[in-house]
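Asker: Take a look at this one; I'll ask things after.
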Amino acid sequence: MSDMRERVVVTEVGMRDGLQSIARTMPTESKRRWIDAAYAAGMRHMEVASFVPARLLPQMADADEVIAHALGYRDLIVTALVPNLKGAQRALECGVHRIVAPISVSTAHSLANVRKTPAEMIDAFAAMREAIDSAPGSSTRRVELIAGLSTVFGCTLQGAVPYEDIAAIARDALHAGADVIALGDTTGEATPRQVGEIIEIVRGAAGDKLRSLHLHDTRGLALANTLIGLQHGIREFDASLAGLGGCPHAPGATGNVNTEDLVFMLESMGYETGIDLTRLIASRAVLADALPGEPLYGYLARAGLPKQFAASRQIESSPSSCSQVLQ
């Protein structure tokens, strides 16, 4: 019997989604320390910044510097979020590996978040595709373009989001050149049954390009919704250390699924994440030092690893060996 475990990718998005949702700004040096600590714990996918005007999100004003630091790790997949063509061009200049563009299915949220309708955002997404394909070196270094469909499971501004709208936006994003479709529970309204239904609807349009879930834990269902995603073939999940996060334009939405709790659940189920939980929990110290008084969440950090948790689930080799699990 093979002892190989199925790989699940966990992308740390706290450096972007977590930090943009709190009032204070983390110093650049602390962001570097966070990336270093996450890498040492085995994290090989990170969304580290977004390219938005500093006057709107001063937390992201140092995006260029943060990305440059992350790219110092040659086996780290570095992602940036961009809301428009200008942001995509900046991300390309910085050398990121993946670009994710937020495309709200809810018109009300889209106008509040990026000041464009969903249709206008699809047009901008197509322009991003063209910019990526025409960038210098694009024939040898392909930058992955991700359509991050947001408010898929409900919107605090609009209310219910019709399933037919979700399928239509997914098809439009694919026609505009998406490499990956990611489904985002922006407002934390998703329920397990709904997650399964929407995954199957979108898969009917996107096939294996539907790869990722971005879940929030506003109502305590993020891990349950992750289980449904796993059952429906999803093998990539966004998460935020200590559960930091939210959305400035989704009132009441709290943080992303907690990275530590998510990794613990996946490893306990027999999936391979390549992440050392002891080091991951220890990395919370960076947040505690840089953001004193900021609420840090997570059941695992509070209770600790169970004694019966299999030692084989931990990384036994040096951090440099983790590059072997990179897809």
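Asker: Give me C94, C155 ranked fewest to most by other Cβ atoms within 10 Å of their Cβ, as a rough exposure proxy.
Answerer: Values: C94 19, C155 24.
Sorted ascending by nearby Cβ count, the order is C94, C155.
Asker: Further question on the same structure: In nanometres, what is the gap between the two model label sites at A61 and A168, each 7 Å from Cα along Cα-to-Cβ?
Answerer: Label at A61, label at A168, 4.1 nm between them.
Asker: On to the next question. In what order do F264, F237 fall by count of nearby beta-carbon atoms within 10 Å, going from fewest to most?
Answerer: On the way: F264 24, F237 29.
Exposure proxy ranking, most exposed first: F264, F237.
Asker: Moving on to the next point. Based only on other Cβ atoms within 10 Å, what is the fewest-to-most ordering of I146, I201, I169, I281?
Answerer: Numbers: I146 24, I201 16, I169 27, I281 21.
Final ranking by Cβ density, sparse to dense: I201, I281, I146, I169.
Asker: May I pose another question? Where does the stretch 9-325 land on the Kirkwood hydrodynamic radius, alpha-carbon pairs, in angstrom?
Answerer: Working: mean 1/r = 0.0515 Å⁻¹.
The Cα-based Kirkwood calculation yields 19.4 Å.
Asker: Charges on Cβ only, +1 for Lys and Arg, -1 for Asp and Glu, centred on the Cα centroid of the stretch 9-325; of P58, A239, I201, which one is farthest towards the dipole's positive end?
Answerer: P58
Asker: Now a separate question. Of K31/K209; K31/K86; K86/K209, which pairs sit farther than 27 Å apart, going by alpha carbon to alpha carbon? Walk me through the intermediate numbers first.
Answerer: Numbers: K31/K209 31 Å; K31/K86 24 Å; K86/K209 25 Å.
Beyond 27 Å between Cα atoms: K31/K209.
Asker: Follow-up. Return the distance in nm (one decimal) between the two label points of a simple spin-label model at S134 and L71, each offset 7 Å from Cα along Cα→Cβ.
Answerer: 2.1 nm
Asker: Between V161, M15, N225, whose Cα lies farthest towards the positive end of the dipole of the chain when Lys and Arg beta carbons carry +1 and Asp and Glu beta carbons carry -1, centred on the Cα centre?
Answerer: M15
Asker: Can you tell me the dipole magnitude for the chain around its Cα centre, using point charges on the Cβ only (Lys, Arg +1; Asp, Glu -1), in Debye to the nearest 20? Kindly include the intermediate steps, with their values, before the conclusion.
Answerer: Values: 30 positive and 37 negative charges, 56 e Å.
Using Cβ point charges on Lys, Arg, Asp and Glu, the chain gives about 280 debye.
Asker: Please build a GNM for the chain, connecting alpha carbons under 10 Å apart, and tell me which residue among P306, P102, P192 fluctuates the most.
Answerer: The residue with the greatest mean-square fluctuation here is P306.
Asker: Still on this structure, please answer the following. Putting +1 on Lys and Arg Cβ atoms and -1 on Asp and Glu Cβ atoms, find which of I146, C94, S212 reaches farthest to the positive end of the dipole of the chain.
Answerer: C94
Asker: Loop sites only, by DSSP: take the GluC sites (Glu not before Pro) in the chain that have at most 11 other C-beta atoms within 10 Å and name the longest stretch containing none of them.
Answerer: Values: sites that count: E6, E316.
In the chain, the maximal stretch lacking such sites is 7-315.
Asker: Let me ask another. Summing -39500 (n - 2.57) over the DSSP H runs of n ≥ 4 in the chain and dividing by its residue number, what mean residue ellipticity at 222 nm do you reach, to the nearest 500 deg cm²/dmol?
Answerer: Numbers: 12 runs with 122 residues, N = 327.
Computed ellipticity for the chain at 222 nm equals -11000 deg cm²/dmol.
Each value in this text was obtained by applying a stated rule to the coordinates, not by laboratory testing. Being a predicted model, the structure only gives us computed values, none of them experimental. Virtual Cβ from ideal backbone geometry, glycine too; neighbours counted across all protein chains shown.
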